[in-house]
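Scroll down for the structure; my scribbles are underneath it.
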Amino acid sequence: MLVPLPPHTGLAKRMRRLLLTGLAVFFSVCGASAGTLDTLHQHTTLRIGYIADEAPFSSSKPNEKPTGYAIDLCGKVADEIEHAVPQLKREYVEMTLANGFDAVKNGQIDLLCGAITVNLERRKLVDFSQPIFLTGASALLRKDSPDYLHALFLDTPAVRSVSQRAASTSVIGVRANTTTDAILREARSIETSKTRIADFDTHEDGLKALEEHKIDAYFADRVLLMSLAQRAHDPSLLEVGDRLFTHEPYAIALRRDDADFRLVVDRALTDFYLSDDFLPLLKTYFGSEAPMLHTQIMMEHVP
């Protein structure tokens, strides 16, 4: 006959701790198994996060739905999910680069759409879809920016006779919390230079500072700079660098450890890339560069 141990004995206490630990692990595993698709079946709302000032990838106006190339691709993902969740609703949530990845990690949003560069540091927080775009960092310059900047960023800099400030006193602007910001600061730490770096909250703030001669160049991904230059007060006074200093693959950010949801996202993107509608979409946002971009993306997509 088994006699129960008195509850005050050390063995009983250890057994109780083991039981509680086992239950905690069980409940954590059960919670982890509820992936994004399970949640969407229950709540029928896809929460699409976006960065507001990253035209032509994602941008918005007050009281209007966001627009852009990345927004359209996230819409194709939503279309795919609708096959399994016919009542699916789409909720757009404005985020920033500073809080967007944590929002994905914590389940506040299901997708993060914009000019989102994939790198290993961000992979600690989130997973990514297959690439949606390929670009690299360059600079937006004024035509009277220092000569050495034109020589650095332009393949064929113009010959000008303009009084220049010394290169050592130049100021280069960049948007805070971006991969280009990190790369620019790393390069500056390696190379002895008095060139200063100015951080900006938005690309529009950087453009304004460049136009007002507060900085000599604005550093960002080239495709973003091309769109930014078009929104300047006088685009003819600016030049977009044609030399790329980084490799920036863009993708849609989503939760880590959710292979089923990532498969749905990648399947939606691949199906769209292979359709007759993909090249026209690229032409809508990128004009004459669309055929080259189409080739690049098709080479990187998941077959």
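The values are calculated or read from the model by the stated rules, or taken from the named source; none is laboratory data. Everything quoted here is computed from the prediction, not taken from an experiment. Cβ coordinates were reconstructed from backbone atoms using ideal geometry, including for glycine residues, and neighbour counts include every protein chain displayed.
Values as computed for the structure displayed
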read-out: Output for the stretch 96-150, where each listed residue is out of contact with any His (no Cβ under 9 Å at 6 or more places or on another chain), charged (D, E, K, R), modelled with pLDDT of 95 or more and closer than 25 Å to Gly206 by Cβ; value: Asp102, Arg122
read-out: Qualifying residue in the stretch 262-284 (condition: farther than 13 Å from Leu73 by Cβ, surrounded by fewer than 19 Cβ atoms within 10 Å (Cβ to Cβ) and in contact with a His (Cβ under 8 Å, 6 or more places away or on another chain)); value: yes
read-out: Pick from the stretch 40-97, criterion touching a Leu at 6+ places or on another chain (Cβ under 9 Å) and of a type in the set (Lys, Arg), ranking: surrounded by the most Cβ atoms within 10 Å (Cβ to Cβ); value: Arg47
read-out: Residue list for the stretch 212-239, filter: within 30 Å of Thr270 (Cα to Cα) and touching a residue at least 24 places away in the same chain (Cβ under 8 Å); value: Ala220, Asp221, Arg222, Val223, Leu224, Leu225, Ser227, Leu228
read-out: Criterion (of a type in the set (Asp, Glu) and within 22 Å of Asn119 (Cβ to Cβ)) met by exactly one of Glu204, Glu300; value: Glu300
read-out: Selection from the stretch 126-146 of residues that are surrounded by fewer than 16 Cβ atoms within 10 Å (Cβ to Cβ) and out of contact with any strand residue (DSSP E or B) (no Cβ under 7 Å at 6 or more places or on another chain); value: Asp144
read-out: Residue pairs meeting the criteria (Cβ under 6 Å; at least 6 apart or on separate chains; first under 22 Å from Ala268 (Cβ atoms), in the stretch 240-258; second modelled with pLDDT under 95 and among the small types (Gly, Ala, Ser)); value: Asp258/Gly35
